[in-house]
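Accompanying notes for the structure given below.
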Amino acid sequence: MKIRPLLLHIAISSLVLFVLFNQTIQNLNHVYFSRSGDGFRTYYGIFFHARYDTTPYRIDAMNYPYGEIIGFTDCQPPVSNVIRFISNNITDITEYTTGIVNGLMLLSVLLASIILFLILRRMKLPVWYASFVALGITLLSPQLMRLGGHFSLGWLLWVPLSIYLLMVFDSKRAYYISILVCLFATLSGDMHFYFLAFWAFLFGLYWVYRWIWHSDYPFRKSDLLHFAIQVLLPVLILQLNLIINDPVSDR
């Protein structure tokens, strides 16, 4: 792929994003996407976890006095734990928690537009059309509504990223691609378990189609390893995390 059309699309998407969210972008650390309900709870939860909690996957701000596993609280463990690690080991950045959360959510919108553009270009669509449609799909995504409450579900990049990696893997069955799938499926699942379900469903159906309905596809023993890395390993990692950190045994 030529780099110039991609850079042009990034520029256009960034401009549109700035026009739509200019007040938020200029005041990242002083604007709330939600000033009440689940959204405000998430801001508080991430800040509390980063500043006060003593373990990465337990949060004492909820389910008093027992605490709760952070994965069920919408407090974005990958984000809050990075803030927590930097604050505990380098310099305290918890006062910028709101800005970090807002900035990353908006960045995910831009990344979604870029990935959708790459998907459409991979489908051989014209540059101008791919750019217009990618940006349109991004701005029409129902996930944008989650920026008013369930922030973890407002990360737009995970769904198009899973589709793009599947397309790349289908054209070149390489282990490094499967490892990337495992990495991002685990990361997105750590953000919200719904995303893990989506990745497992997408790649699981892909292999079912390949093995059962696509009779021309040559079955290889290495396919089983790809399937294990892409689907089983992320589920196993996050399930083990629950077993280790969650005393509740019936969920």
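The values are calculated or read from the model by the stated rules, or taken from the named source; none is laboratory data. Just so you know, these numbers come straight off a predicted model, no measurement behind them. No Cβ is skipped: glycine too gets one built from the backbone with ideal geometry, and neighbour counts run over all protein chains shown. Remember, those area values only see protein heavy atoms, side chains included, never the ligands or the DNA or RNA. Shrake-Rupley method; radii C 1.70, N 1.55, O 1.52, S 1.80 Å.
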Problem - Test: residue in the stretch 213-228 that is buried (at least 17 other Cβ atoms within 10 Å of the Cβ) and either under 30 Å from T24 (Cα atoms) or modelled with pLDDT under 90 (or both) - result: no
Handout entry: Those residues of the stretch 80-95 which are surrounded by 17 or more Cβ atoms within 10 Å (Cβ to Cβ) and not aliphatic (A, V, I, L, M), in sequence order
Key = S80, N81, R84, S87, T94
Handout entry: Residue among G45, G37 that alone is on the phi > 0 side of the Ramachandran plot and open to solvent by less than 60 Å² (accessible area, probe 1.4 Å)
Key = G37
Exercise for the section: Just need a number here: residues in the stretch 170-209 that are touching a residue at least 40 places away in the same chain (Cβ under 8 Å) and more than 18 Å from the chain's Cα centre (by Cα). Expected result: 3
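With respect to V101, is the statement that it is open to solvent by less than 80 Å² (accessible area, probe 1.4 Å), touching a residue at least 12 places away in the same chain (Cβ under 8 Å) and either farther than 25 Å from G189 by Cβ or of a type in the set (S, T, N, Q) (or both) true? Full working, then the answer.
Values: open to solvent by less than 80 Å² (accessible area, probe 1.4 Å): yes; touching a residue at least 12 places away in the same chain (Cβ under 8 Å): yes; either farther than 25 Å from G189 by Cβ or of a type in the set (S, T, N, Q) (or both): no.
Considered against the rule, which asks whether it is open to solvent by less than 80 Å² (accessible area, probe 1.4 Å), touching a residue at least 12 places away in the same chain (Cβ under 8 Å) and either farther than 25 Å from G189 by Cβ or of a type in the set (S, T, N, Q) (or both), V101 comes out as no.
Residue-wise test of (1) touching a helix residue (DSSP H, G or I) at 6+ places or on another chain (Cβ under 6 Å); (2) open to solvent by less than 30 Å² (accessible area, probe 1.4 Å); (3) not hydroxyl-bearing (S, T, Y).
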site	(1), (2), (3)
P126	no, no, yes
R146	yes, no, yes
G154	yes, yes, yes
S188	yes, yes, no
M191	yes, yes, yes
F198	no, no, yes
Completion exercise
Taking first residues from the stretch 36-58 that are without any contact (Cβ under 8 Å) to a residue 12 or more places away in the chain and second residues anywhere that are among the hydroxyl-bearing types (S, T, Y), the pairs with Cβ under 9 Å that are 6 or more apart or on different chains are F40/Y32; F40/S34
Handout entry: Candidates L233, L166, filtered to the one that is over 17 Å from the mean Cα position of the chain (by Cα), surrounded by 15 or more Cβ atoms within 10 Å (Cβ to Cβ) and at pLDDT 95 or above
Key = L233
Completion exercise
Across (1) open to solvent by less than 20 Å² (accessible area, probe 1.4 Å); (2) on the phi > 0 side of the Ramachandran plot, N63 clears everything bar (1)
Exercise for the section: Tally the residues that are under 21 Å from V31 (Cβ atoms) and of a type in the set (V, I, T), restricting the search to the stretch 103-137. Expected result: 1
Practice task
Would you mind telling me which numbered condition in (1) buried (at least 22 other Cβ atoms within 10 Å of the Cβ); (2) among the aromatic types (F, W, Y); (3) within 26 Å of G39 (Cα to Cα) F117 fails?
Solution key: (3)
